[in-house]
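In what follows, a structure is listed as structure tokens, so that the remarks can point back to it.
The values are calculated or read from the model by the stated rules, or taken from the named source; none is laboratory data. Just so it is clear, the structure is predicted and the values come from calculations on it, not from any experiment. Cβ atoms come from the backbone with ideal geometry, glycine included; neighbour counts cover every protein chain shown. Calculation scope for accessible area: heavy atoms of the full protein, side chains included, ligands and nucleic acids excluded. Shrake-Rupley method; radii C 1.70, N 1.55, O 1.52, S 1.80 Å.
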Amino acid sequence: MTAHYGRLRRLCRLMLGDPQEAEDVVQEVFLKAHEAERLGRAPMDWGAWLTRVAVNACRDRRRAGGWMRLRLRSTHIDDLPLVADTQAPSEAAVGEETRRRIWKAFRALPRRQQEVFALRYVEEQPTADVALALGLSPGSVKRHLYRAVRHLRRALGDTR
Amino acid sequence: MTSCLSDDTLERVHADLGSIAERAHLAGCAACTGRSRRLRRDLDLITAVLRDTREPLTRVAPARRRWMPAAIGLSTAALALLVWVEVAVWRAVTPVPPTMQPQEVAAILSDVSASLFSVNGDPVPAAGEEGPLSLEGMAREVDSTLTGDEP
């Protein structure tokens, strides 16, 4: 199950935009998983189960804590650049401007499109699994994906 | 042969929303296949950025600074409304008493004074209506009180 930790952390971070909150949600998800296992309700496919629970937890967090998050949102210490900050190879390969544009465009997407894009492309899940995790029809997932891709590509603009 | 697919159509096909004819065209057209590869490269780039890079720091200003202009505006508007109500409305509808003559003021004041110093709720007779009681009169009143006779 620990194999899913990094994946869920990344997914929650993408969905919430706040590393600390993402960490909290992942902890919550693993607590639920532990509880399910203890009660003998372990799912057949832990990966899909964890994804679904994480998505729902992120949604709950957004709904319930919107105001608190707005009030308390701050830059966490582990997000601050180090004094001798060196870029990761992936960051060095992509220009700063491109990186900034992509993140900005992603955050400008509607929540549902962000979720679909994150699951389908970043997590590389099949359309059917994305639909299951988000409670959508496969057709709806495709339409959200199409809109998200169109928006993100436009945002790339001339930086390609 | 159909004309090449637009960017929009290519994206639709890529999202598995394209028609059979559009997919068939893409499979057979070198130009569209090249553009489709570029679309995939764009998506790879976007995905890599979202997966492997940190979100650029966007220092969010404290929330209070966001609603402060609105709060200041609302407060100013409320103050202006209050001043306007006071000046234009309240003063216009409040009846202003006519200027009183000094004699009327004196009469009112004497009424007030009489009410304040009345005995048993009866107003004290004004000066001149009944003179002050003499010693004899007071003695008669005391006698009548003690004997129960009418004075």
Query raised in the report: Tell me, what ³J(HN,Hα) does each residue in the range B:7-20 have, in order and in whole Hz, if you take phi through Karplus 6.51 cos²θ - 1.76 cosθ + 1.60 with θ = phi - 60° and put x for Gly and Pro?
Result: 4, 4, 5, 4, 5, 5, 4, 5, 7, 6, 10, x, 7, 4
**Report entry** Among A:30-36, A:52-58, A:115-121, the order from most to least packed when residues are scored by Cβ within 10 Å on average
**Finding:** A:115-121, A:52-58, A:30-36
Report task. Shielding by partners for B:3-14, please: the mean number of other protein chain Cβ atoms within 10 Å of each residue's Cβ. Result -> 2
Query - Area buried, chain B against chain A - accessible surface, total, 1.4 angstrom probe, square angstrom - result: 3300
Requested in this report: Take peptide A:142-154, look around each residue's Cβ out to 10 angstrom, count Cβ atoms belonging to other protein chains, and average those counts.
Outcome: 5
Report task. Place the peptides B:76-82, B:34-40, A:9-15 in order of packing, highest mean first, counting for every residue the other Cβ atoms within 10 Å and averaging per peptide. Result -> A:9-15, B:34-40, B:76-82
Query raised in the report: Averaged across the residues of A:95-101, what count of C-beta atoms belonging to other chains lies within 10 Å of each residue's C-beta?
Result: 3
Requested in this report: Rounded to whole Å and ordered largest first, report the semi-axes of the equivalent ellipsoid of the range B:1-48 derived from its Cα gyration tensor (root of 5λ).
Outcome: 19, 11, 8
Query raised in the report: Amide H neighbours of B:Gly18 under 5 Å, counting only residues 5+ apart in sequence or on other chains, H built in-plane at 1.01 Å?
Result: B:Val13
Report summary line: In whole angstrom, largest first, the equivalent ellipsoid semi-axes that the Cα gyration tensor gives for the range A:1-51 are 21, 11, 8
